[in-house]
Amino acid sequence: MWLKKLNTLVPLVPNPQTSDNSLRTSELLQRFLEKHQGDEVCLRDLFDELGDRAFGTTLLICALPEALPLPIAGISALVAMPLMLVSGQLVLGFEQPWLPDWIADQPFKKEHCEMVISAAIPFLEQLENFVEPRLPFFTSPEAERGVGVILFLLSFIIALPIPFGNMLPAIVIVLICLGLIEKDGLIIAISGMVSGITPALLLLVL
């Protein structure tokens, strides 16, 4: 039984023919839109394109639909589970994220994917102007476990049925993930402080 459960988890290993760490995340997303053919896409397609950016990329892709004001019904239920699963793995010290194959290979309509990515690219381009490698303590393996706790709590908030309560924690997750990808400890530290007041802000909405 245990082995069966383990076999349903697959590592998100990048395709060496497509991954390119010299490009920023927004540029890789643009390239994905230009290259991908077909009526459906899955998370694994995006992970292959974005390369070996590990936890930051996986969580970023899952959080983007919630960070943007897009009319896609039921998206919270779809992204909350992988967000909590992968952030939990970061807390536990996994070397790379793992997702059940039924999540990684779940097909999505290409038009929905294009809607999310087209809206995300200018959003990410603006954020990328401010990120750069600094304060390496906050991107160390030890600190990343603490970051994982923050990401898990934010993911849990996204899973809650709070009207208009998903966007703020999702934006904070996107900022933290950009910090992880670009090794920007300052962005991670600031985002961590914002996450501390996020529950209080959401209580004001209720």
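On the stretch given as the range 85-102, residues that are in a helix (DSSP H, G or I) and either acidic (Asp, Glu) or more than 16 Å from Leu64 (Cβ to Cβ) (or both) total 8.
Here Thr139 fulfils each of the conditions (1) surrounded by 19 or more Cβ atoms within 10 Å (Cβ to Cβ); (2) within 26 Å of Asp45 (Cβ to Cβ); (3) of a type in the set (S, T, N, Q) apart from (2).
Yes or no, residue by residue, for (1) surrounded by fewer than 18 Cβ atoms within 10 Å (Cβ to Cβ); (2) assigned to a helix (DSSP H, G or I); (3) at pLDDT below 80:
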residue	(1), (2), (3)
Val10	yes, no, yes
Val13	yes, no, yes
Leu33	yes, yes, no
Gly38	yes, no, yes
Arg44	no, yes, no
Ala63	no, yes, no
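Condition check: more than 19 Å from Gly88 (Cβ to Cβ) and open to solvent by 70 Å² or more (accessible area, probe 1.4 Å). Does Leu168 satisfy that? Considered against the rule, which asks whether it is more than 19 Å from Gly88 (Cβ to Cβ) and open to solvent by 70 Å² or more (accessible area, probe 1.4 Å), Leu168 comes out as no. Filtering the range 114-130 down to residues that are among the small types (Gly, Ala, Ser) and open to solvent by less than 50 Å² (accessible area, probe 1.4 Å), which residue is farthest from Gly185 (Cα to Cα)? If we take residues in the range 114-130 being among the small types (Gly, Ala, Ser) and open to solvent by less than 50 Å² (accessible area, probe 1.4 Å), then Ala119 is farthest from Gly185 (Cα to Cα). Restricting attention to the range 164-183, does a residue exist that is modelled with pLDDT of 90 or more, of a type in the set (Phe, Trp, Tyr) and out of contact with any Pro (no Cβ under 8 Å at 6 or more places or on another chain)? Among the residues of the range 164-183, not one is modelled with pLDDT of 90 or more, of a type in the set (Phe, Trp, Tyr) and out of contact with any Pro (no Cβ under 8 Å at 6 or more places or on another chain), which makes the answer no. Does the range 75-113 hold any residues that are among the aliphatic types (A, V, I, L, M) and surrounded by fewer than 15 Cβ atoms within 10 Å (Cβ to Cβ), and which are they? Correct list: Ala77, Leu92.
Failed condition for Leu202, given (1) at pLDDT below 90; (2) loosely packed, with under 15 Cβ neighbours inside 10 Å, with all others met? Of everything listed in (1) at pLDDT below 90; (2) loosely packed, with under 15 Cβ neighbours inside 10 Å, Leu202 misses just condition (2).
Of the residues in the range 173-188, at least one is at positive phi and either of a type in the set (A, V, I, L, M, F, W, C) or open to solvent by 10 Å² or more (accessible area, probe 1.4 Å) (or both).
The values are calculated or read from the model by the stated rules, or taken from the named source; none is laboratory data. The structure displayed is predicted, hence computed values, not measured ones. All Cβ positions, even for glycine, are placed from backbone atoms using ideal geometry, and neighbour counts span all protein chains on display. Heavy atoms of the whole protein, side chains included, go into the accessibility calculation; ligands, DNA and RNA do not. Shrake-Rupley method; radii C 1.70, N 1.55, O 1.52, S 1.80 Å.
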